[in-house]
Amino acid sequence: MPNYLDKKRGISLDLQQLQTFQMIAATGSFTRAAQALGYSQSNVTYQIKTLEETLGEELFDRKRFSRRVILTKAGTRVLQYSRNMLELAHRLLSKESIDIPA
C-alpha cells in the first residue's frame, strides 16, 4: 500500500471526493452519482481518478459496455473508512459538536 503522507504538505485527502465516491457506490453509476450531486459526469470521473491516484488503488471495477460499476476489494475498504470520515467531518462541522458547556 502506498504512503499517503507527503512529507512537505502532510496528508492530502479531499472529503468531496469521498462523498462522490460514496454516491457512486450507492448508485452503481458515475452518471447517476453526477445527477444526484448536481455535478457534470466529467467532474465525477476526475474526482474518482484523482482519489484513485492518491490512494494508489482502483476503487471500481469498470466493465466495458456496462452501465454499472462495482467496488473492488480496495473500494470496499475505502467505503468503510470514508463513511467514518464523513460522519466525523459532519460532526465536527455541526455547531453542537463544538459548543463548550458553560
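The values are calculated or read from the model by the stated rules, or taken from the named source; none is laboratory data. On a predicted model such as this, the values are computed, not experimentally measured, just so you know. Reconstructed Cβ throughout: ideal geometry from the backbone, glycine too, with neighbour counts over all protein chains shown.
Quick notes on this one:
- Identity of the residue in region 34-85, in a helix (DSSP H, G or I), free of Cβ contacts under 8 Å to residues at least 12 places away in the same chain and not polar (S, T, N, Q), that ends up surrounded by the most Cβ atoms within 10 Å (Cβ to Cβ): A34
- Counting only residues that are in contact with a Gly (Cβ under 7 Å, 6 or more places away or on another chain) and at pLDDT 60 or above, region 1-24 holds 0 of them.
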